[in-house]
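Heads up, the thing below is written out as C-alpha cells.
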C-alpha cells in the first residue's frame, strides 16, 4: 500500500517518517519511531493512555492520523523530563506513590502538564474533570490528584 | 488421635462421615490413612486441597507434623487474584 | 481495507471537488474522533479521506451581522476558550464542551458532531434550541439548512453527494434570551447521553415570550419539540408550566431500549432534563 | 538484625520512592507491547461472531496466499488434550478446556472465541488476512443467563458435563458443572431460635478486571524449537507451564520473561494469546508480536462471574446471629471453574456462627471463561450477605457496626469454612470504623451511609529468590514474582532492614523463568508475604556468610562475630579488638575469603494471615434521575504490618474504586443475539477521576505471627466490603433496597418508582 512521507517535529526534534494512511499517530510513534511511552489502552479515545500534545493541544494520539502530523509539533512523555531533571509532576508522582502498575502514568502526566500550563492553580474538581479522560484502574485516583495539586503548588512557587 | 473434619464436598466420598479421629504424625500420613479408609476419597486427596492444622492453613506442604490432639480440616485449595 | 487515499485541501472548492468525484467512497475528516474509531473497527473502508482542517473558512469563530458563525472544523476546546461566544450562547457552548474528554475536546468539531448524525450528539439539541442554521457547500453551490433538518436518522444526513457543512450560524438573539443544555449520563464524564435537553428562551420581564426546546437520544434524531416550548410561552415557568413542559417533553419521546437505557427511563428523564435546563436558561435570560 | 518483635525499623514502614519509578514516569518502562525484535511479524486473531456455533470447516488457504502472510494457525495447530484435572504449578488445570479456550475446536462457545490467527509483515496485512479466512459455522441456540443455563431444556455447551458434587452423579449431561457445600451446626434449630429471619435474593452481572494494558506478548521460536516469550503476566512460570504443555515443548526450552505489567487484578493469571503467538512463531520461524485490542480484552479475556444469590439469616433479639444460609449460582463462562468455592467460604467468614450452611453451583453458559478477579468470587457473595446483615441490624434496631461487632470473629473463632482463626483484625477494624470521624459526620437530604466488612484468606506458595552481593558492596535481589504495585520497593526495604544497609544499595529485579526456580503467581495477595519471607531468609543467609568471612579475616570463631548496622563486629571485648568490617569491605575481600557471597531461598511459604476490613461509604441519590454520587469512602483494613504504607493505601484506594464501579455502573451487556454489546471503555463504565472522592484509609496492624515482619496480604480484601457498603448507603438514602448490581441510574429510578 502507498505510504505517505511525513515531516514533523517531535519533542523539539525534526523527524521524518513513512506511514500508511490508516496508521494513527499512536501507531507511528510506537511502531515506526519506537516512542513506546505513549500506550494503547483502547484505540478509541476512551482511556487517555496515548495522550500527547499536538501544536500544544492535548489529544489522544490514537484519534490522530499519522499523516496529520505533517508540519505540526508533537510532544510526548519522552519529552517531559529535561535531561536528568524530572518535570515537577514526574517527581511528585514518585513522592506521592501516585502510580501502581504505571501504564496509565505517561498519559496522565502529559494531560496534567497541559492542565497546569493552562491553569496553574486548579481546584481538586478541576483536576478531576480535566483528567476524566485518563483511566486508571489501580489507584482510585486519590494519590494522582494529590500529586498534581502538590506539583501545581510547587510550580507556583507556593 | 488427630480430629479430622471434612468439608461437605469431601464427605460425599466417605458415605457422609465428616468428622473422625485418626492416628497420624504428619499431614501426609493423615491423608494416606484417610485415603485408605475411604478409597472413593483417595483420588480427591491427591491434588487441589488445603489442610488446616489447628487453624493454620497449609497447601502442598504435607510434611507438617501433627500433634496428638491436632484438629485437622480438609479444605479445597485456595488461590486468589 | 483497500488502499485509502488522504487529501488535505486548503480550499473549499478543492474539498467539494474531491468529495464529488469520489462517488460515496469518501469521508470527511474533521476532528476524527468518530471517523478514526470507525476506521479502526473496520466499520468503514473509505477509498478517500478528505481532511478539512486546512480550510480557513471552516476554522473561525466570528460575530457577524446575523449572529455568531462557527466554522464546522472549530473544536470544542476552541469554543471553550472563546469568552464572547460563551457569554452569548452559554448553552450551546456548554453542550459543545460536553463532547468527550479533554483530549477529545482538542479534536472533536462542531460540524463533526452534527454530521456524524448520532441521535445522542450533545451539541445538536442545544443548537436546535438556539435556532442554528447550517451553511452547506456542494457541487451545486451553497445552501442553508436548519440544524434540526440535517440529520435524517442515525448516521444519516440530508447532505447530498459532495456536500459538506461549512459553518453554523447562531442567530442574533433578542434581549432577555438565555439557553442551556443538560444531559443525563451514568458517570460524570466520558459517556454518551442517555437523554439530552436543550432549551432556549426569551423572557419579557417575568413572562416567557419565546422558547425552543430540543431533546437528544430519545428518537432516531434529535427532536425539536414545539409542544414543550408552548408549555413555557406566556408563563413565568411556574410549577404548572414546568409540569406541562415535562409532560410535553416526555410525550415527544419515541426512544428505543438499548445498552444505555430503557425506553421508560428515557421518557421519564427527558422531562426532568428539560425542566432543569429551562430553569437554568431562565436564570441566564434574566441576568 | 530486626524481627517482628523489634518495633524500631529503619526502612519498614517508611515511604521511599520505588526503584522502577523513574522508568514509569518517563515512559521508559517496557510493558507487554513495548518491545520489538528484528524480523518481527505482527499477529492478529480471528474471533467468533457467534455466541454458540459448530465449526463445520475453516479454510485458511486464501489468507495463506496473501503476500506478506507468513503463518496462519487454527485448531489443527494445537494437539488435543485429555479432560482431566492436572497440577500445573500449584494450580489444577483441565488442559482439554484450556486448549479449547485458546483456540476453538469443535464449537465456538462465546462471542469473541478465538478461531484462527495470522502472522504477517504488517498490521494492515494481518487484518486483511483475517478477512480471507473462511469459517463455516452452524449456529446453535445459546444461553447467557446463569439461571436459564441451569434449566433442564437449556442449550448444552458440553455433552460431557455431569454435575460433580452430587450423589449419585447425574446420568444426564447439563450446564451445571459442580455443586459445592460448606457449613456446620444445626440450621433448623438456629432459625427456630431466631427472633427475626430475613431471606433475600440478589443478582450481579459479570465485571471485567479492567486493566488498562491489554494482553500483549512477543514470541520467538527458533528453528531448533528453543523459544523465548516476553509477555504481560502475573506469573511467568505459570505461562511457561501452560504454554509448554499446550505446545508440547520441554519446559526447559521455553524462557518466559515478564514485562512490566499494566494491571492484572487476577486477569493475567492464565494464557490466551501467548500459546497462539508461540504457535505462529514456530510456524513462521520468526518473532511474532500479538497484542489484544480492547474489544478483544472484553470479549475474550476473563471477566469475573455474574451470579444469582439467595441469603437467609436468622438473629436473636440481642443481635446474635443464630443461623446463616446462602445459595450461590455462579457463572463460570464457557468452561467449568467459577470462583464459587472461595465465594462460599468467604461469605460469612467475618462472623462467629453456631450454624452456617452455604451451597454453591458452578454453571457454564455462552460467555467468556471467567478468570480470577481480586478475591475471586467473594465480593459477590459478601455483597449479598452484608446487605442482609444491614437489613437485619435495622430490623433489630441496632447500629450496623454494633451488630457486626456483636457477631465479629476473633482469634479462636471457628471460621464459617471450618478451622479456627489465628489472630485477626475484624474487631479492630469495626472499632476503628465506629471511632472514625466519617462514621459520625452528619448527612444531608437524599444522602445515606453504609458500612460493610469483608474477609480474604491470602495465600503463600512456592517462591524462590536470589540475593547477590556485588564486589562494590551493593546487592542485586532477583525475585520471580512480577511487580504489580510496588513490590520491588517492599522487597528492597525488607532486605535493607535485615542487612542494615541503605535501601538504595539494593536493586530488586524480576527474573525470567531461566534465572530462578519456580515461583507461583503474583496473586492471592501473596507477593509481599511470600517473596518477602523468601527475601528475608536470603538476606539472613547472606549475613551468616558475612559473619563467617569476618571470622576468617579476624581468625576468631564465627559465634564471636555479630552483624550490626551493615557491619561485622566482634561480639564483645573478649572476642578481640577489631575494627568493624562493613559489607563493602567484606565484599571487596570476598574472592580472597572463599568466593562470591550470595544468599538464596527456595520456599513454599505457609502461614499467610487473613486480612479483614470494613468500609464506610456515603452517597447522594438524585431521586429524579436515579443518579448516584459517592460523597465519601473510608477503607479500614488489617495489613498485619505495612512495609510500604503508601502502597498499602494504594491497594485500599484502588480496591475501593473498583467496588464503586462494580456497585454502580460496570456490567457485561449481552444482546438477544448473544453478542457482547459494550466491549469498550465507552460503555463498560469504569470509574473516571471525576466520579470519585478522595478515599480515606486506616491501616490496622495486627501482626501475622508467621511472617518475620508480621505481613498480611492486603491486595484482595479491599474489593470485598465496598460493594455492599455502597448498596447499604443507597438503601439508607432511599429507604428502599435494590436487589441487584450495578445500581445504574435506570435501575435505581425503576426501583424508586416501583416503591411508589
Looking at (1) more than 12 Å from the chain's Cα centre (by Cα); (2) in a strand (DSSP E or B), can you tell me which one residue B:72 breaks? (1)
Residue among C:266, C:284 that is in contact (Cβ under 8 Å) with a residue 40 or more places away in the chain, under 21 Å from residue C:191 (Cβ atoms) and assigned to a helix (DSSP H, G or I): C:266
Go through segment D:428-468 and give me each residue that's at positive phi and within 14 Å of chain B (Cβ to nearest Cβ). D:458, D:461
In segment D:305-322, is there at least one residue being assigned to a loop (DSSP other than H, G, I, E, B), surrounded by 24 or more Cβ atoms within 10 Å (Cβ to Cβ), in contact (Cβ under 8 Å) with a residue 24 or more places away in the chain and within 14 Å of another protein chain (Cβ to nearest Cβ)? yes
Contact list please: Cβ distance under 7 Å, first residue in segment C:162-182 and modelled with pLDDT under 95, second residue buried (at least 24 other Cβ atoms within 10 Å of the Cβ), pairs at least six apart or on different chains. C:162/C:19
In the set D:388, D:401, D:363, D:359, the lone residue that is within 27 Å of the chain's Cα centre (by Cα) and in a helix (DSSP H, G or I) is D:388
I'm trying to understand the selection: among the residues of segment A:66-78, which are under 17 Å from residue A:32 (Cβ atoms) and either touching a strand residue (DSSP E or B) at 6+ places or on another chain (Cβ under 6 Å) or in contact (Cβ under 8 Å) with a residue 60 or more places away in the chain (or both)? A:66, A:67, A:69, A:70, A:72, A:74, A:76, A:78
Restricting to segment A:111-131, what's the tally of residues that are buried (at least 16 other Cβ atoms within 10 Å of the Cβ) and within 9 Å of chain D (Cβ to nearest Cβ)? 5
Residues being without any contact (Cβ under 8 Å) to a residue 12 or more places away in the chain and within 14 Å of chain C (Cβ to nearest Cβ) - total across segment D:719-756: 2
Quick check, is residue D:49 within 14 Å of chain A (Cβ to nearest Cβ) and either surrounded by fewer than 22 Cβ atoms within 10 Å (Cβ to Cβ) or on the phi > 0 side of the Ramachandran plot (or both)? no
Test of understanding: among D:650, D:609, D:655, D:661, which residue is under 28 Å from the mean Cα position of the chain (by Cα), surrounded by 21 or more Cβ atoms within 10 Å (Cβ to Cβ) and away from chain A (no Cβ under 14 Å)? D:609
In segment A:34-65, how many residues are part of a loop (DSSP other than H, G, I, E, B) and either without any contact (Cβ under 8 Å) to a residue 60 or more places away in the chain or farther than 19 Å from residue D:25 by Cβ (or both)? 13
For residue C:70, are the conditions met, namely being within 11 Å of another protein chain (Cβ to nearest Cβ), more than 18 Å from residue A:56 (Cβ to Cβ), in contact (Cβ under 8 Å) with a residue 12 or more places away in the chain and touching a strand residue (DSSP E or B) at 6+ places or on another chain (Cβ under 6 Å)? no
Here the residues within segment D:733-756 that are assigned to a helix (DSSP H, G or I) and within 31 Å of the chain's Cα centre (by Cα) are D:745, D:746, D:747, D:748
Which of the residues spanning segment D:548-566 are surrounded by 21 or more Cβ atoms within 10 Å (Cβ to Cβ) and either part of a helix (DSSP H, G or I) or at pLDDT below 95 (or both)? D:549, D:550
Going residue by residue through segment A:106-114, is there one that turns out to be farther than 18 Å from residue D:212 by Cβ and modelled with pLDDT of 95 or more? yes
A careful count of residues in segment C:26-46 that are facing chain A (nearest Cβ under 7 Å) and in contact (Cβ under 8 Å) with a residue 60 or more places away in the chain gives 2
Which ones in segment A:132-144 are in contact (Cβ under 8 Å) with a residue 12 or more places away in the chain, more than 11 Å from chain C (Cβ to nearest Cβ) and part of a helix (DSSP H, G or I)? A:143, A:144
Please count how many residues of segment C:184-207 are surrounded by 21 or more Cβ atoms within 10 Å (Cβ to Cβ) and on the phi > 0 side of the Ramachandran plot. 1
Among the strands (runs of 3 or more DSSP E) contained in segment B:1-60, which hold 2 or more residues that are free of Cβ contacts under 8 Å to residues at least 40 places away in the same chain and within 13 Å of another protein chain (Cβ to nearest Cβ)? B:49-53, B:56-59
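Listed here are the residues, each with its yes/no results for (1) closer than 30 Å to residue D:649 by Cα; (2) touching a strand residue (DSSP E or B) at 6+ places or on another chain (Cβ under 6 Å); (3) at pLDDT below 95.
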position: D:7; (1), (2), (3): yes, no, yes
position: D:41; (1), (2), (3): no, yes, no
position: D:48; (1), (2), (3): no, yes, no
position: D:59; (1), (2), (3): no, yes, no
position: D:65; (1), (2), (3): no, no, no
position: D:77; (1), (2), (3): no, no, no
For segment D:218-300, please list each of the helices (runs of 4 or more DSSP H) lying entirely inside it that holds at least 1 residues being within 24 Å of residue D:509 (Cβ to Cβ) and at pLDDT 95 or above. D:236-247, D:274-284
When segment A:91-103 is examined, which residues are found to be part of a helix (DSSP H, G or I), buried (at least 24 other Cβ atoms within 10 Å of the Cβ) and free of Cβ contacts under 8 Å to residues at least 60 places away in the same chain? A:93
Exactly one of A:25, A:29 is away from chain D (no Cβ under 11 Å), under 27 Å from residue D:39 (Cβ atoms) and surrounded by 23 or more Cβ atoms within 10 Å (Cβ to Cβ), and that one is A:25
Residues of segment D:682-701 being outside any strand (DSSP E or B) and either buried (at least 24 other Cβ atoms within 10 Å of the Cβ) or within 12 Å of chain C (Cβ to nearest Cβ) (or both), in sequence order, are D:682, D:683, D:684, D:685, D:686, D:687, D:688, D:689, D:690, D:691, D:692, D:693
Is there a residue in segment C:6-26 that is modelled with pLDDT of 95 or more, part of a helix (DSSP H, G or I) and in contact with a helix residue (DSSP H, G or I) (Cβ under 7 Å, 6 or more places away or on another chain)? yes
If you go through D:91, D:103, D:85, the only one that is touching a residue at least 24 places away in the same chain (Cβ under 8 Å), within 11 Å of another protein chain (Cβ to nearest Cβ) and either out of contact with any strand residue (DSSP E or B) (no Cβ under 6 Å at 6 or more places or on another chain) or under 27 Å from residue D:522 (Cβ atoms) (or both) is D:91
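The values are calculated or read from the model by the stated rules, or taken from the named source; none is laboratory data. It should be emphasised that the depicted structure is a prediction, and the values quoted were computed from it without experimental measurement. Glycine gets a Cβ as well: all are built from the backbone with ideal geometry, and neighbour counts include every protein chain shown.
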